[in-house]
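Visitor: Got a structure for you, questions after.
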Amino acid sequence: MRCCSWRSELGVMVFAVLFLAPGLAFGEGTKEKDKDKKSKEDKGKEGKEGKKDEKGKGAKGKEKGKEKEKAKGKAKGEGEKEKEKGEGQKEGEPAGGGEGPDAGAGGAEGSGGAEGKTSKPKGPASPDEELVKEKLKDVLSPTDMKFLEDGRVHLVFDLTRKSEEHSTIFTPKVGSNLKETFRWSMDDKSFSFFSEYPGVRLSNRGVALLNCWFTDDLEAEVEYLQHIAHSDKLYAAVIYSNDQGKALASNFGSQCAMLVQGRLAGGQGKVDSVSADATAKFKLSVKDGSFEAYRDGRSRQKMKYPAKGFASGRIGFAWGGSIASTLARLEIKGKLDYARMAKEMRKAKH
């Protein structure tokens, strides 16, 4: 019996080894595979979750990018509006606009423009200025006249026309008598032995001033024709004269000279002669305490003057030394003395 029992147990053990152990091993392998599969699935889920997170982050990044672009666009649009507003104010010249350094309170970033370079708009003209601008053309009868943007007036007088209105715009008046030293040239028919060039004739010695007052910010030029041979005693000048009879002169366009009561009283520079029957342009420029002499468009000499004594004056001519010559044209660019000019206009009405 024991022998049979032992054999039976041995058979059971052999059965277990042969059949049950592989099954157990298979089960364990299956469990390990299940674990690996589960681990892979978990990793896959984590990967998917990571991708979702990356997509979410990407979407958020895109949203932030869009918001930034919108913010930039808005800021740019506001900047363009501010720029257009500034330019509009500059062109329209409101209270804070303009172009000068004394701009409105806007400053570099204010409503006065991108750079804040604005200036105060020009105030209304004074009664004197309004009167002079309204009546000047009637008083002087210039061949051409216009007011310039820099505040000066541009006057042209063509003296070859021998206009009757121009006879009274100078002091003394332009005469018509052959013996007068400041007169109109005579027509060819008046003489059997010679003719005269058209214009205002200068002879012997004299001074003539235009009846118009300027400040010492001007330039005046004459076209000049000489009829005799040059000599050292001759002088012919375009001048700027004050009420005391003192004048700044461009003598023959090459010398800066001072005149007192129509006579030379010192100067600077050498006189360049003008030949008989030759023409030349003499120009005088006065500004900021100095004056210049120009000959045919070229600066020849410069000299200082006491500005206080020449704040107001008139343009004219001075000549001497038994000269014989003709003025064909006078051109002036200068700032008017509105107060003095208006005073003289009102006085002339009475």
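Visitor: Scan Gly266, Gly313, Gly334 and give me the residue that is free of Cβ contacts under 8 Å to residues at least 24 places away in the same chain and either in a strand (DSSP E or B) or in the same structural domain as Ala229 (by TED's automatic domain parsing) (or both).
Guide: Step by step, each of Gly266, Gly313, Gly334 is checked, and only Gly266 is free of Cβ contacts under 8 Å to residues at least 24 places away in the same chain and either in a strand (DSSP E or B) or in the same structural domain as Ala229 (by TED's automatic domain parsing) (or both).
Visitor: Between Ala311, Ala280, which is aliphatic (A, V, I, L, M), exposed (fewer than 15 other Cβ atoms within 10 Å of the Cβ) and at pLDDT 95 or above?
Guide: Result: Ala311 is the single residue among Ala311, Ala280 that is aliphatic (A, V, I, L, M), exposed (fewer than 15 other Cβ atoms within 10 Å of the Cβ) and at pLDDT 95 or above.
Visitor: Another one. Of (1) touching a residue at least 60 places away in the same chain (Cβ under 8 Å); (2) part of a strand (DSSP E or B), Ala293 satisfies all except one. Which?
Guide: (1)
Visitor: Which of the residues belonging to the stretch 215-249 are more than 25 Å from Gly175 (Cβ to Cβ) and buried (at least 22 other Cβ atoms within 10 Å of the Cβ)?
Guide: Correct list: Asp216, Leu248.
Visitor: Sticking with this one: If you take the residues in the stretch 164-184 that are among the polar types (S, T, N, Q) and at pLDDT 95 or above, which one is nearest to Gly321 (Cα to Cα)?
Guide: Going through the stretch 164-184, the residues among the polar types (S, T, N, Q) turn out to be 167-168, 171, 176-177, 181.
Remaining after also requiring at pLDDT 95 or above: 167-168, 171, 181.
Details: Ser167: 24, Thr168: 26, Thr171: 21, Thr181: 12 Å.
Looking at residues that are among the polar types (S, T, N, Q) and at pLDDT 95 or above, I get Thr181.
Visitor: OK, next. Where residues in the stretch 334-344 are surrounded by fewer than 18 Cβ atoms within 10 Å (Cβ to Cβ) and of a type outside the set (Asp, Glu), which of them is farthest from Asp128 (Cα to Cα)?
Guide: Lys335
Visitor: Scan the stretch 287-306 for residues that are closer than 12 Å to Lys246 by Cα and either surrounded by 13 or more Cβ atoms within 10 Å (Cβ to Cβ) or touching a helix residue (DSSP H, G or I) at 6+ places or on another chain (Cβ under 6 Å) (or both) and jot them down.
Guide: Of the stretch 287-306, the ones closer than 12 Å to Lys246 by Cα are 305-306.
Scanning the stretch 287-306 gives a single hit, Tyr305.
The values are calculated or read from the model by the stated rules, or taken from the named source; none is laboratory data. Keep in mind it's a predicted model, so treat the numbers as computed, not measured. Ideal geometry is used to build each Cβ from the backbone, glycine not excepted, and the neighbour counts take in all protein chains shown.
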